[in-house]
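Asks: Starting off with a structure, shown below.
Read-outs throughout are calculated quantities, based only on the coordinates presented, and are distinct from any laboratory measurement. Just so we're clear, the structure is a prediction, and the values are computed from it rather than from any experiment. FYI the Cβ positions are ideal-geometry reconstructions off the backbone, even for glycines, and counts take in every protein chain you see.
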Amino acid sequence: MAGEVCGFFTWIWVFYRAKHDLPVVLGLRHPWEHGEDPWAIHDHVDNLEELQQNWEEFNEKATRPGEDDDDDDDDDDDDDDDEDDDDDEE
């Protein structure tokens, strides 16, 4: 009985994959040509240019190493190092 159940689900899986991959296997479609994306946003996006500009600014800031807005942590680390040096001198 367990073998029949496993065989049933195996064939269901084979048919499911064939539904999606058969055109690729038969050469009717290239694998990189995907079908329609059901989660794609087809609505008009307000302020698209502004969103793209904000993204580009963020990406540019994020890819510059060493230039961050949080310089306070570096100052605190320097203060801790100075305290350790004072302890060594005593």
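Asks: Multiply the residue separation of Cys6 and His20 by 0.36 nm, subtract the distance between their alpha-carbon atoms, and state the gained length in nm to one decimal.
Replies: Details: separation 14, 0.36 × 14 = 5.04 nm, distance 2.15 nm.
Here the answer is 2.9 nm.
Asks: Taking the Cα-to-Cβ direction at Trp32 and at Gln52 and moving 7 Å from each Cα, how far apart do the two end points lie in nm?
Replies: Rounded to a tenth, the inter-label distance reads 2.3 nm.
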